[in-house]
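The values are calculated or read from the model by the stated rules, or taken from the named source; none is laboratory data. All figures in this text were calculated on a predicted structure; none of them were measured in a lab. Note that we place each Cβ from the backbone using ideal geometry, even for glycine, and neighbour counts take in every protein chain shown. To get the accessible areas, we keep the full protein, side chains included, count just its heavy atoms, and leave off ligands, DNA and RNA. Shrake-Rupley method; radii C 1.70, N 1.55, O 1.52, S 1.80 Å.
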Amino acid sequence: MSRIMASVADLEHLANPLITAQQLYSLQDDDRDSAENGRSIRYMQAILTQAAGVLLRLPQEVVAVSLVLLQRFWVEGHGQGHTSADPRVDSWPVCVHS
Amino acid sequence: MRIQGLTVGQSVSTLKANWFLQTASEASLYVSAKISFTPVSPRSVCNVYAYLLSATSPLHFINRIASSQTSIPDPSSYYVSEGFYERERERIFLGESLILSSIGFDVQVALPHTLALTYLQALGVPSKQLANRVLEHLNSGLLSPQLLYLTHQPNALAVAAIYLAAKEVGVKLVDGNWWEVFDVDREDLGFVVLAFGSFEGFATAEEEKWKNGKLDLRSLLERG
């Protein structure tokens with residue numbers, strides 16, 4: 001049993017969860033529906049993050065991880081409003097102004 | 001959960017474009033640093049972002065006159081008062097919990113960088129110039145709009161970066177389909193190589209947009 005657990009943990013260091021084609025398309029569709037600036041905005045945000053990482057003297061690995069997390073965040077967020085079996089999407093917080 | 005100034009009427013996409021733009025960027029950096037050997041304080045993050053988003057920012061999409069600036073930036077434009085810092089710190093923590101819950105608390109990211117260097121050694125071409133070019137492609141890939149790090153595994157990214165860098169630097173690699181040794185098929189290789197190669201064109205086009213004033217991140221952020 002412990003040998004199986006060890007190999008599962010090893011795999012995590014070589015592979016990442018990937019997004020589906022549907023998720024990518026839904027992101028691009030939203031880009032088209034809104035002001036068509038989605039791609040440019042994300043690009044600027046990525047550069048902002050990279051620049052901040054440089055100024056904070058963080059190693060590039062850390063900045064790379066943060067950029068990937070940011071991208072995962074964008075894709076998950078665009079799952080909102082689309083039918084999805086992904087339980088994580090349902091935990092998207094609803095902002096309510098009382 | 002109540003967030004000051006936001007109403008239900010705003011669509012999710014507008015919310016994200018404005019408020020989350022800065023918050024998500026800060027929070028993702030803060031979180032990644034937190035789980036690494038080099039954590040950073042919220043104060044440092046706050047100071048850095050205040051500078052980068054100020055009127056004297058070195059980023060061309062924030063400050064269009066940056067390129068013509070020759071004088072020392074005015075520190076008062078990015079001064080962070082205690083009150084401002086308190087609010088920004090709350091923003092970072094809020095962003096942190098939003099990002100983490102959104103991605104399902106899965107912060108494990110396998111990067112292609114060390115893999116690429118290992119592959120270079122395996123291929124018998126550990127030249128510094130080639131390695132640098134490979135890393136340049138991998139780091140540019142992080143900024144690519146094609147979300148390469150979400151659609152391809154690190155071995156494919158590493159192999160494609162090596163393939164392209166070797167062509168550019170003029171280093172000859174072994175004959176035959178060497179990429180198959182690293183579990184990458186020809187289709188994936190071609191796709192990612194194309195993506196890496198087209199990034200420069202994309203970046204130049206975006207920079208043109210900033211120069212022409214078609215896109216102003218500061219006003220977007222101020223609206224949010």
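Tabulated results
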| item | result |
| --- | --- |
| Residue check, B:ASN155 open to solvent by 40 Å² or more (accessible area, probe 1.4 Å) and either away from chain A (no Cβ under 13 Å) or of a type outside the set (Lys, Arg) (or both) | no |
| Number of the exception - B:TYR163 against (1) modelled with pLDDT of 95 or more; (2) open to solvent by 50 Å² or more (accessible area, probe 1.4 Å); (3) touching a Leu at 6+ places or on another chain (Cβ under 6 Å) | (3) |
| Selection from the stretch B:107-125 of residues that are at the interface with chain A (Cβ under 9 Å from one of its Cβ atoms) and open to solvent by 50 Å² or more (accessible area, probe 1.4 Å) | B:GLN108, B:THR114 |
| Verdict on A:SER26 being at pLDDT 80 or above, assigned to a helix (DSSP H, G or I) and either more than 26 Å from B:ALA50 (Cα to Cα) or more than 7 Å from chain B (Cβ to nearest Cβ) (or both) | yes |
| Complete set of residues in the stretch B:30-44 that are touching a residue at least 12 places away in the same chain (Cβ under 8 Å) and more than 7 Å from every other protein chain (Cβ to nearest Cβ) | B:TYR30, B:ILE35, B:PRO42, B:ARG43 |
| Pick from the stretch B:126-151, criterion assigned to a loop (DSSP other than H, G, I, E, B) and open to solvent by less than 20 Å² (accessible area, probe 1.4 Å), ranking: farthest from the other protein chains (Cβ to nearest Cβ) | B:SER144 |
| Any chance B:THR204 is open to solvent by 60 Å² or more (accessible area, probe 1.4 Å), without any contact (Cβ under 8 Å) to a residue 12 or more places away in the chain and under 24 Å from A:GLN45 (Cβ atoms) | yes |
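Quick grid of which residues meet (1) more than 14 Å from B:THR151 (Cα to Cα); (2) aliphatic (A, V, I, L, M); (3) open to solvent by 40 Å² or more (accessible area, probe 1.4 Å):
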position	(1), (2), (3)
A:PRO17	no, no, yes
A:GLN23	no, no, yes
A:LEU27	no, yes, no
A:ASP31	yes, no, no
A:ALA46	yes, yes, no
A:ALA51	yes, yes, no
A:VAL54	yes, yes, yes
A:VAL65	yes, yes, no
A:VAL68	no, yes, no
